[in-house]
Structure formats: structure tokens, C-alpha cells
């Protein structure tokens with residue numbers, strides 16, 4: 001019995017070795033909290049950027065590092081698995097729609113681990129429409145139901161059975177299709193896949209969202225200024241708008257809405273602003289110029305970038321734009337000797353919510 005137990009344990013160890021970010025936690029010789037002597041520098045920062053179904057991770061390269069270990073978990077400071085990258089970038093497709101916390105360590109050629117980078121947080125966008133209740137203004141036949149456009153299949157060939165379709169004739173009306181996401185959500189992007197059949201490919205549509213389940217036009221907001229193109233898919237950037245219902249509408253009377261798939265990328269309603277950037281500093285340099293830098297902010301969905309404004313004078317309030325960047329530094333070249341400048345900085349998330357401002361004053365001598 002003891003020999004059999006050891007054999008099973010060995011098989012399980014082999015089965016889980018090196019399974020990466022989509023598998024179970026890897027067994028690693030290094031731990032995030034290790035107090036061993038650090039012979040290689042830690043990554044100075046970590047960027048976590050949410051995308052459609054995954055989170056993109058990047059960090060500055062570390063001198064002497066030959067690879068990097070990325071740690072991920074669902075609780076801040078607690079990392080349930082890790083994987084290795086040979087470059088200073090990676091992606092995590094695990095659990096879209098749920099917040100994830102990340103740190104990264106550098107590894108040198110001798111196998112020495114650095115300390116951990118600052119922690120970064122992001123929530124990969126999930127397809128909120130997948131499998132949700134859908135309806136349409138009319139039905140072509142039972143084999144073309146509204147739900148075929150939220151079944152996860154982007155195949156636009158009519159004969160393959162994954163296309164929804166309304167009727168064609170409707171006495172001059174505009175046919176429409178819609179989906180209920182189930183709750184008020186933050187929507188960042190919509191992908192619309194049309195049918196690829198020759199007599200359907202040029203059918204153009206408009207997209208609307210609403211927080212109410214109603215046909216009242218006043219409750220719906222149009223989200224695209226131009227009709228959707230026939231390319232596959234048409235993508236709309238909705239910048240974290242709040243909505244529960246999404247409607248795709250034909251923009252020409254007596255034409256059908258024929259859809260292969262509608263993907264609504266987002267998260268549960270985001271009410272949290274990013275943390276305020278710390279460590280905001282400005283240093284005069286030759287040129288003259290002022291070099292500005294700061295530390296990471298975090299956000300439950302992800303930090304899109306940092307807004308930097310300035311004004312002239314110790315007590316000024318007439319702020320003007322300097323930059324919007326996803327980096328942790330920028331340079332202001334438009335400065336004059338003998339002048340004092342005030343700078344303010346805040347983080348913005350993907351729903352365009354801003355953190356509190358950090359403010360500094362810098363004098364050019």
C-alpha cells in the first residue's frame with residue numbers, strides 16, 4: 001500500500017509539472033516572501049492591462065535576468081500559481097471577469113531569484129453576452145433564433161446553423177436584435193459578427209445600450225456614430241459605459257438583422273476609482289526641462305494611464321494638459337528658466353474614473 005501511494009504521488013507530480021497559467025499551481029523552489037539574499041535586481045514596476053479574455057503583463061527588463069517568474073492570485077498578497085517567461089512580457093487568460101493580483105521576479109543565469117516587483121491588479125474583460133437571454137423583433141424560422149448570436153460560435157455561414165435572423169419584410173420598420181446581460185455592467189468593447197452570406201454581408205447596423213428593459217426609444221443610447229461595417233468583426237470601443245441591455249438595429253427598413261455573434265466585453269459594474277499615485281516627483285534637468293516620475297497606481301479593473309496637467313505659479317489653478325501616458329514618467333520640455341510650475345497627476349481606469357490628484361511644485365532656476 002505504501003509503494004502504491006508513492007507511485008500515485010509520482011504520477012500526479014509529473015501530470016502537473018509545467019502546466020502554466022491555465023493549469024494548476026506549479027510547485028516552485030522559490031516563494032514570494034523569501035528572505036534569501038537577492039543577487040539580481042527586482043523589476044521596478046509591473047503593468048497589468050485588461051483585454052478581451054486575458055490580461056497583458058509587461059515590466060522593465062532587468063539587467064542580468066534570463067527569465068522571469070510571474071505570480072498570480074485572487075487575493076492581494078496571496079499567489080496561488082506561477083509561470084515563467086523568457087521576455088519581459090506575458091499574458092494571463094485565467095478567470096476573465098474576476099480581479100487578479102500579480103507580482104513578477106527576475107531570475108539570473110545561476111537560478112537566483114530577485115525580490116518581487118510592486119503588485120499590479122487587473123480584471124480581464126469577459127464576454128458578458130455569452131449564453132445570455134436574447135430576443136429579436138421577428139423570427140425568420142425556428143432554426144435562426146436570437147440565441148444563435150450569443151452561443152460562442154462566430155461562424156457566419158447560414159447553412160452551419162449558428163446565425164440568428166429576423167424577418168425581412170416588416171411594413172417599413174427597422175428590425176432589431178437584443179441581449180440582456182443580466183445586471184448593470186461596465187462595457188468596454190463590443191464585437192459584432194455579421195453573416196458572411198453574399199446577400200447579407202452588406203447589411204449595416206446600429207448599436208444601442210440601455211439600463212432598462214424597455215422598447216421606449218428614449219431609454220436607449222446610440223453607441224456608434226457610423227453604421228457597422230461589413231468587415232468581421234466590427235469592434236466598438238465603449239470606454240466602460242454602464243448598461244444592461246444591448247440592441248443591434250438594422251438602419252434600413254425592410255431588411256433583416258442577420259448576426260453570427262455579438263460579443264460584449266466588460267466586467268460587473270465598476271464603481272471603484274484607481275488608487276492615488278504616490279511618489280510623484282519633478283526634477284529640473286538641462287534643456288531646460290522637468291522630468292516627472294511616480295509610482296504605480298492600482299485599480300480593480302486596470303489602470304489605463306496617467307493624466308498630467310500643469311499651471312504656472314505657486315498658487316495657480318488654470319491647469320493645462322501636459323500628457324496622458326501609461327508609463328510612470330514623462331518630461332515637460334516647455335519650461336522657462338526662473339519660473340515656478342505646479343503639476344498635478346491622477347490615474348484613470350478603463351471606465352474613465354480618476355483617482356485623487358497628487359500635486360507638486362517645481363522651480364526652474
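The values are calculated or read from the model by the stated rules, or taken from the named source; none is laboratory data. Note that the structure is a prediction, hence the values are computed from the model and not measured. Positions of Cβ are generated from backbone atoms using ideal geometry, with glycine treated the same way; all protein chains shown enter the neighbour counts.
For the range 239-282, a residue qualifies if it is touching a strand residue (DSSP E or B) at 6+ places or on another chain (Cβ under 9 Å), more than 25 Å from residue 126 (Cα to Cα) and modelled with pLDDT under 90, and the qualifying residues are 250, 251, 256. Exactly one residue out of 120, 146 is within 31 Å of the chain's Cα centre (by Cα) and in the same structural domain as residue 78 (by TED's automatic domain parsing), and it is 120.
Among the criteria (1) over 20 Å from residue 121 (Cβ atoms); (2) modelled with pLDDT of 95 or more, the one residue 288 does not fulfil is (2).
Considering only the range 283-303, I want to know if a residue exists there that is assigned to a strand (DSSP E or B), in contact (Cβ under 8 Å) with a residue 60 or more places away in the chain, surrounded by fewer than 18 Cβ atoms within 10 Å (Cβ to Cβ) and in contact with a strand residue (DSSP E or B) (Cβ under 6 Å, 6 or more places away or on another chain). Yes, some residue in the range 283-303 is assigned to a strand (DSSP E or B), in contact (Cβ under 8 Å) with a residue 60 or more places away in the chain, surrounded by fewer than 18 Cβ atoms within 10 Å (Cβ to Cβ) and in contact with a strand residue (DSSP E or B) (Cβ under 6 Å, 6 or more places away or on another chain). Taking the conditions (1) in contact with a strand residue (DSSP E or B) (Cβ under 9 Å, 6 or more places away or on another chain); (2) without any contact (Cβ under 8 Å) to a residue 60 or more places away in the chain; (3) in the same structural domain as residue 175 (by TED's automatic domain parsing) in turn, residue 131 satisfies each one other than (1). Checked against the criterion of being touching a helix residue (DSSP H, G or I) at 6+ places or on another chain (Cβ under 7 Å), in a strand (DSSP E or B) and touching a residue at least 12 places away in the same chain (Cβ under 8 Å), the candidates 362, 262, 322 yield just one match: 262.
Do the conditions hold for residue 127, that is, is it buried (at least 16 other Cβ atoms within 10 Å of the Cβ) and either under 30 Å from residue 298 (Cα atoms) or modelled with pLDDT under 90 (or both)? It is true that residue 127 is buried (at least 16 other Cβ atoms within 10 Å of the Cβ) and either under 30 Å from residue 298 (Cα atoms) or modelled with pLDDT under 90 (or both). One residue alone among 356, 326, 297, 315 is modelled with pLDDT under 95 and farther than 30 Å from residue 235 by Cβ, and that residue is 315. Take the range 213-227 and flag every residue that is modelled with pLDDT of 75 or more and in contact with a strand residue (DSSP E or B) (Cβ under 8 Å, 6 or more places away or on another chain). Hits for the range 213-227 are 219, 220, 221, 222, 223, 224.
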